[in-house]
Amino acid sequence: MSFRIAALVAFFGGFIALSFEILWFRVYGFATGGTAPAFGVVLGSYLLGIALGSVATRRFCTDRIDRGDTALLRLPAVLLVLASLGGFALVPLIAWMVTVTTWPWTLIGVGLLSGTLGAVLPLVSHLGIAPDDDAGRRMSWLYMANIAGSTLGSLLTGFVLLDTLGVRDASVVLTVVGLLMGAVLVLVSGPTATQQKRWISGLIITAIAASAGAAPLYDGVWERLQFRKKYDGERFAHVIENKSGVITVRKGGEIYGGGVYDGVFSTSLVKDKNMIIRAYALAGYHKAPKEVLMIGLSSGSWAQVVANVPGVERLTIIEINPGYLEIMPKYPAVKTLLQNPKIKVVIDDGRRWMLAHKDRKFDAIVMNTSWHWRAHSTNLLGQQFAELAKSRLKPGGTFQYNTTSSVHVERTGCEVFPFGFKLVNNLVLSNTPVQLDRGRWRQALLAMRIDGKPIFDANDPAHMTRLDEVLALRKPGLKPGQKSTWFRPCADLLKAHRKAKHPIVTEDNLLIEFSRPWDWTQ
Amino acid sequence: MSPSPSAPSTEPTSPGAAPSLYVGGSSGAALPLPVLYGVFLVSGFAALVYQVVWQRALFALYGVDIASTTTVVSAFMLGLGVGSWIGGQLAANPKRSALLWFAAFEIGIGLFGWRSLHLIDVVGDMTAGASGPATFALTFGLVVIPTSMMGATLPLLVSHAVKHLNNVGKSVGMLYFVNTLGSAVAAVLTAVVLLRDYGVHQTLSFAVKCNLAAGVVILLAWGVNQLRRRA
């Protein structure tokens, strides 16, 4: 095999390997809720496959090969074709398997396919490099070609294919590309006319079959991955795939980001389906929240409420995934949100945006954070971010965020800020004394309108009863005499958490991201 | 592993050792193959720990959106590519021992790793919020030195192993196997145990010790070989 051809094969191998890796990581991130341990286990399985694949090539690396024999190219060609076809079938296979077993079993497929691809580099090194004094230098070129293919594969798949096509069609494209690469190698290998005809027609038929079979094979993949063993044939109302992730919406209006619950399209406080009471609380603890920053948009329900809180003049929303903007116009509760002149939506990473806008200070920062056990949650729920938010508050400013009931996050926020309280599962923190003024809250809730409609109808006794329940912050379902935990001052929380020795969350201990150590096997 | 009988460096360094288990000779250290593989496994382990830890630190600065993550990963890849080229050039010089270069790079990676989070913090404070090409340039600037050293190790060891095994496929296959196996173990162990139980700094410190140990083992083997040859 000529050295140039060997480099080409190394490039092809790297391209296919990293392309499918990006695609599989998208799928596993969704199926596991994106926890740090799950990512580690998936990556470990992928690398283990590559390692085993590379050592398995030893039996083919005899000292008697003729490096000028182009027919040797057919072996890496077969590996590429097998890996591409396997890669195409793997996602539906994972989706089916998670409905009947725990997801780590599916990693066998990842290991087998990455093993097939891991065999390519050692094999072409053997076929393309003579064992002389120049072997190391030539090996470095093959390794570079492999890295170049890997980089191109990850960029193209991550930035373009997953953004424009989604996982199903990206799989088809990668499979066809893999088959084409196999075809190129076969053509270069000097086949006879009959062999050439057989190989090429076989690959074309396979490519057509993959394209035609994708729709039925990938049907219901996201539903299966999300519900796993609870999958009962339910279909999503909407699925948005882009380079930032996968958003799914159930027919009842529940929205999920990366397979994890993200909220409901609802601003109703009378029938509070999504604990939207927390968003309305801004009107009770802040006198004049003129300028508000919101990190994370999701369904837009919180933003719709906050934008209509009396006194709010400007609401800047930082959202990492633009897909949410596509869904909102379909739901009446939030469809007018983006036309609201008070609102400015910026597509960016919330923390990066704050770091880049040191001059911007806010009366209130509101963050309905995702689950604390997800990977990188420390970036928003740790001590360092609390300090960053603290530095971006105007005098009298408040920082409200969802602790998702983590005792560590509760203690962290209350330790960083001198004043604050817990409201439902949110912390409301400030550099100056902050209180929930129920009188002001009542007035605000009675005055508030969303799309011209009042939150509570003062003439409806049922509404007024509900208003009293809201103001009492009494947790639903409590028995008489039971104390509600929906409101607790930070001083009380700190006493309890210090006694229980709950550590604070830092970017060194990453405590919360590993707080569900065994759940990732479910 | 059965090196060619004609390979000049399969001399055992102790009377009872099997020749096929040894590599090394005139240009470098005599080192039992299992030890060389063990060292490269440890090197692969440490490399992945660094990747996880540095990526976390860089994502905290530059964001966890797809643009930032892809940029950071691409900067790593580019560093590895540059390193591969450097390793190839160094390996082509017969006057210099590939194993000594390898040892130097392992120690260099360890020393960089030791101060790496501090460096990322300092650069991060100066450049917080940078985006697009600036993020790529900054990330590449931060990781180019250690990732280049990482990328150089495979061609260096391949060059060394091929001289003694006289078989490129087996050399690459075995070295790639142990190095990637080390990374696979690190991926799981870092995510499931190390970061959870020891935190970022101690995990990083563990990787630093791995690199330094790998470098020292090779240097010791080289030193022992030099002493024997003089004796």
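The values are calculated or read from the model by the stated rules, or taken from the named source; none is laboratory data. A quick note: this is a predicted structure, and the numbers were derived from the prediction, not measured. In this analysis, Cβ positions are derived from the backbone assuming ideal geometry, glycine residues included, and neighbour counts consider all displayed protein chains. The accessibility values were calculated without ligands, DNA or RNA, using every heavy atom of the protein model including side chains. Shrake-Rupley method; radii C 1.70, N 1.55, O 1.52, S 1.80 Å.
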Out of A:GLY439, A:GLY481, sole residue that is over 33 Å from the mean Cα position of the chain (by Cα) and open to solvent by less than 50 Å² (accessible area, probe 1.4 Å) = A:GLY439
For B:LEU219, indicate whether it is of a type in the set (A, V, I, L, M), surrounded by fewer than 24 Cβ atoms within 10 Å (Cβ to Cβ) and more than 30 Å from A:HIS376 (Cβ to Cβ).
-> yes
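Only one residue in A:GLY382, A:GLY396 is touching a residue at least 24 places away in the same chain (Cβ under 8 Å) and more than 20 Å from B:ARG56 (Cα to Cα), so which one is that?
Details: A:GLY382 fails: more than 20 Å from B:ARG56 (Cα to Cα).
None of the others qualify; the one that does is A:GLY396.
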Residue pairs meeting the criteria (Cβ under 6 Å; at least 6 apart or on separate chains; first within 14 Å of chain B (Cβ to nearest Cβ) and of a type in the set (A, V, I, L, M), in region A:328-355; second open to solvent by 30 Å² or more (accessible area, probe 1.4 Å) and in a loop (DSSP other than H, G, I, E, B)) = A:ILE347/A:PRO322
Which members of region A:126-149 meet the condition of being assigned to a helix (DSSP H, G or I) and facing chain B (nearest Cβ under 7 Å)?
-> A:HIS126, A:ALA135, A:GLY136, A:ARG137, A:MET139, A:SER140, A:TRP141, A:TYR143, A:MET144, A:ILE147, A:ALA148
Considering residues that are under 26 Å from the mean Cα position of the chain (by Cα) and either at pLDDT below 90 or under 16 Å from A:PRO76 (Cβ atoms) (or both), the number found within region A:120-149 is 1
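Residues are listed down the side, and each one gets a yes or a no for (1) of a type in the set (A, V, I, L, M); (2) buried (at least 19 other Cβ atoms within 10 Å of the Cβ); (3) farther than 17 Å from A:VAL27 by Cα:
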residue	(1), (2), (3)
A:ASP169	no, no, no
A:THR175	no, yes, no
A:TRP199	no, yes, yes
A:ILE205	yes, no, yes
A:LEU225	yes, yes, no
A:ARG228	no, yes, no
Do you know which of the residues in region B:136-184 that are more than 10 Å from chain A (Cβ to nearest Cβ) and within 13 Å of the chain's Cα centre (by Cα) is most open to solvent (accessible area, probe 1.4 Å)?
-> B:ILE145
Positions within region A:14-54 being small (Gly, Ala, Ser) and more than 27 Å from the chain's Cα centre (by Cα), in sequence order | A:ALA51, A:GLY53, A:SER54
Would you say A:ARG474 is modelled with pLDDT under 90, open to solvent by 60 Å² or more (accessible area, probe 1.4 Å), under 36 Å from the mean Cα position of the chain (by Cα) and assigned by TED's automatic domain parsing to the domain that holds A:ASN340?
-> yes
Tally time: how many residues in region A:262-281 are open to solvent by 30 Å² or more (accessible area, probe 1.4 Å) and touching a strand residue (DSSP E or B) at 6+ places or on another chain (Cβ under 7 Å)?
-> 2
All positions within region A:349-368 that are surrounded by 19 or more Cβ atoms within 10 Å (Cβ to Cβ) and either in a loop (DSSP other than H, G, I, E, B) or in contact with a helix residue (DSSP H, G or I) (Cβ under 8 Å, 6 or more places away or on another chain) (or both) = A:ASP349, A:GLY350, A:ARG351, A:ARG352, A:MET354, A:LEU355, A:ALA364, A:ILE365, A:VAL366, A:MET367, A:ASN368
Given A:LEU179, A:LEU187, which one is open to solvent by less than 10 Å² (accessible area, probe 1.4 Å), on the phi < 0 side of the Ramachandran plot and touching a residue at least 12 places away in the same chain (Cβ under 8 Å)?
-> A:LEU179
Please go through region A:297-314 and pick out each residue that is of a type outside the set (Lys, Arg) and open to solvent by 30 Å² or more (accessible area, probe 1.4 Å).
-> A:ASN308, A:PRO310, A:GLY311, A:GLU313
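Of the residues A:VAL424, A:VAL434, A:VAL428, which single one is in contact with a Lys or Arg (Cβ under 7 Å, 6 or more places away or on another chain) and of a type in the set (Val, Ile, Thr)? Let's see the steps before the verdict.
On the way: A:VAL434 fails: in contact with a Lys or Arg (Cβ under 7 Å, 6 or more places away or on another chain); A:VAL428 fails: in contact with a Lys or Arg (Cβ under 7 Å, 6 or more places away or on another chain).
Unique residue meeting the criteria: A:VAL424.
Residue under question is A:LEU152, and the condition is that it be within 14 Å of another protein chain (Cβ to nearest Cβ), within 25 Å of the chain's Cα centre (by Cα) and open to solvent by 50 Å² or more (accessible area, probe 1.4 Å); does it hold? Can you show your working first?
On the way: within 14 Å of another protein chain (Cβ to nearest Cβ): yes; within 25 Å of the chain's Cα centre (by Cα): yes; open to solvent by 50 Å² or more (accessible area, probe 1.4 Å): yes.
When the stated conditions are applied, A:LEU152 passes them.
Out of the residues in region A:447-462 meeting the condition of being assigned to a helix (DSSP H, G or I) and under 19 Å from A:ARG474 (Cβ atoms), tell me which one is most open to solvent (accessible area, probe 1.4 Å). Working first, answer last.
Applying the first criterion (assigned to a helix (DSSP H, G or I)) to region A:447-462 yields A:447, A:461-462.
Retained after the next criterion (residues that are under 19 Å from A:ARG474 (Cβ atoms)): A:461-462.
Working: A:PRO461: 98, A:ALA462: 65 Å².
Residue satisfying both the conditions and the ranking: A:PRO461.
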Say we look at region A:156-165 and pick out the residues that are within 18 Å of the chain's Cα centre (by Cα) and crowded, with 19+ Cβ neighbours inside 10 Å; which of these is nearest to A:PRO92 (Cα to Cα)?
-> A:LEU162
Identify, by number, the condition in (1) more than 8 Å from chain B (Cβ to nearest Cβ); (2) under 31 Å from the mean Cα position of the chain (by Cα) that A:LEU73 doesn't meet.
-> (2)
Does at least one position in region A:143-159 carry a residue that is in contact with a Pro (Cβ under 8 Å, 6 or more places away or on another chain) and closer than 30 Å to B:GLY79 by Cα?
-> yes
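One residue is enough: does region A:109-123 have a residue meeting the conditions touching a Cys at 6+ places or on another chain (Cβ under 9 Å), in a helix (DSSP H, G or I) and within 28 Å of B:THR147 (Cα to Cα)?
From region A:109-123, those touching a Cys at 6+ places or on another chain (Cβ under 9 Å) are A:122-123; that's our starting set.
With in a helix (DSSP H, G or I) added as a condition, the list becomes A:122-123.
Now narrow it down to the ones that are within 28 Å of B:THR147 (Cα to Cα): A:122-123.
Checked region A:109-123: at least one residue is touching a Cys at 6+ places or on another chain (Cβ under 9 Å), in a helix (DSSP H, G or I) and within 28 Å of B:THR147 (Cα to Cα).
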Counting just the residues of region A:39-65 that are more than 7 Å from chain B (Cβ to nearest Cβ) and either among the hydroxyl-bearing types (Ser, Thr, Tyr) or in contact with a His (Cβ under 6 Å, 6 or more places away or on another chain) (or both), which one comes out farthest from A:PRO122 (Cα to Cα)?
-> A:SER45
Any hit, region A:36-43, residues being assigned to a helix (DSSP H, G or I), open to solvent by less than 20 Å² (accessible area, probe 1.4 Å), closer than 26 Å to A:TRP103 by Cβ and not hydrophobic (A, V, I, L, M, F, W, C) = yes
With respect to the numbered conditions (1) crowded, with 24+ Cβ neighbours inside 10 Å; (2) at pLDDT 90 or above; (3) not hydroxyl-bearing (Ser, Thr, Tyr), which one is the sole condition not fulfilled by A:LEU82?
-> (1)
Across region A:369-409, the tally of residues that are under 30 Å from A:THR32 (Cβ atoms), part of a helix (DSSP H, G or I) and open to solvent by 10 Å² or more (accessible area, probe 1.4 Å) stands at 7
Filtering region B:72-96 down to residues that are hydrophobic (A, V, I, L, M, F, W, C) and within 15 Å of B:TYR50 (Cα to Cα) yields B:VAL72, B:VAL73, B:ALA75, B:PHE76, B:MET77, B:LEU80
Scan region B:83-105 and give yes if some residue there is open to solvent by 50 Å² or more (accessible area, probe 1.4 Å), away from chain A (no Cβ under 11 Å) and closer than 29 Å to A:GLY382 by Cα, otherwise no.
-> no
